[in-house]
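Just so it is clear, none of the values below were taken in a lab; they were calculated from the coordinates. Given the structure is predicted, the values throughout are model-derived calculations rather than measurements. All Cβ positions, even for glycine, are placed from backbone atoms using ideal geometry, and neighbour counts span all protein chains on display.
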């Protein structure tokens, strides 16, 4: 088997068609088909099978794809680590973030980092919690800025940044004398803007709504980004639970107001997370920069050692 064959197989696994895989890899469809056929022949079993105009992974293919993603991620990590050790200032920073952190926290931090280290390459991936955690698990990134680690035994926390989830609306409701009770009733009757499945904010919203709406389910509208949710609420489509970081400007300008919903604000933390083991030199430099800029603070326990400083 070859790396070309493995990458062709993973491209098919990702997009579900030979045509799509060929476009992703910038090769011909026949090259993709030949690579996967040769890979299956070397293994002695089928990884894919025809399904309509596309293909689907066999049970063996599903298992194999998961391992190959991690293997290729580890190989990419090895290349990154070795290059950074040879010349940290010309290395590559591979980092991922959940949507809110990627939109609101990292741009400023990466800008100041690039100012100090202009030759460093940056590969940033932004997505919902499930997607970016998978990238770290498969070692396709070295650092992740996200919510609480899924399994703290298998991950290192290198920095923490507090934030809050708050309920926002285009204007403050009138609740009358029975303020708290009427406010809860008003919130239960509003349409709620939700992030997509897999989002940590969506999970927190659903938990909050369970406490607010014991007798009926509120109307909901799923919107795929913080920016779209923010504009939807400003336009009057409903209310939402969102990170204060994501609406700081709108709150300051008066285009949104914070609604004192029961149980809010919800205290949360952003965590800068890495896999166990030695960080690539460039990633370690970035962590040191984030801590020095006080964008992140050191983790509260000694179980997650600070990154090694490198010249």
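When 58, 240, 207, 98 are arranged by Cβ crowding within 10 Å, least crowded first, meaning fewest neighbours, the order is 207, 58, 98, 240. Compactness of the range 164-268 was expressed as the Cα radius of gyration divided by 2.2 N^0.38 Å, which yields 0.98.
Please report the spacing between the Cα centers of the range 21-87 and the range 213-274 in Å, no decimals. For the range 21-87 versus the range 213-274, the Cα centre distance is 39 Å.
Using DSSP, restrict attention to beta bridges with both residues in the chain and report what percent are antiparallel, rounded to the nearest 5.
Details: 24 of 38 bridges.
Percentage antiparallel, nearest 5: 65.
Peptides 248-257, 86-95 ranked from most to least packed by the mean count of surrounding Cβ atoms within 10 Å: 86-95, 248-257.
Overall, the anisotropy analysis places the chain in the oblate class: the square-rooted eigenvalues a ≥ b ≥ c of its C-alpha gyration tensor yield a/c not less than 1.5, with a/b not exceeding b/c. Sorted ascending by nearby beta carbons within 10 Å, beginning with the fewest, 268, 219 become 219, 268. In terms of its C-alpha gyration tensor, the range 67-115 comes out oblate, because a/c is 1.5 or above while a/b does not outweigh b/c. Compared with the alpha-carbon gap, the fully stretched path from residue 42 to residue 174 is longer by 40.5 nm at 0.36 nm per residue. Under the classification rounded if a/c is under 1.5, otherwise prolate if a/b is larger than b/c and oblate if not, where does the range 3-57 fall, given a ≥ b ≥ c as square roots of the Cα gyration tensor eigenvalues? It is oblate, given that a/c is not under 1.5 and a/b is not larger than b/c.
Structural descriptor for the range 3-57: relative contact order 36 percent, calculated from alpha carbon pairs under 8 angstrom and at least 6 residues apart. When only Cα pairs below 8 angstrom with a gap of at least 6 residues are kept, the chain shows a relative contact order of 21 percent. Ranked by the mean number of other Cβ atoms within 10 Å of their residues, highest first, the peptides 100-107, 118-125 come out as 100-107, 118-125.
From least to most packed, judged by other beta carbons within 10 angstrom and beginning with the fewest, 154, 269 follow the order 154, 269.
Using a cutoff of 8 angstrom between alpha carbon atoms and counting only pairs six or more residues apart, the relative contact order for the range 68-145 works out to 46 percent. The calculated pair-distance distribution of the range 42-97 uses every alpha carbon pair, bins of 10 angstrom beginning at 0, and gives 20, 31, 22, 20, 7 percent. Here the peptides 65-76, 13-24, 194-205, 281-292 are ranked by packing, the mean other Cβ count within 10 Å, and the order with the highest first is 281-292, 194-205, 13-24, 65-76.
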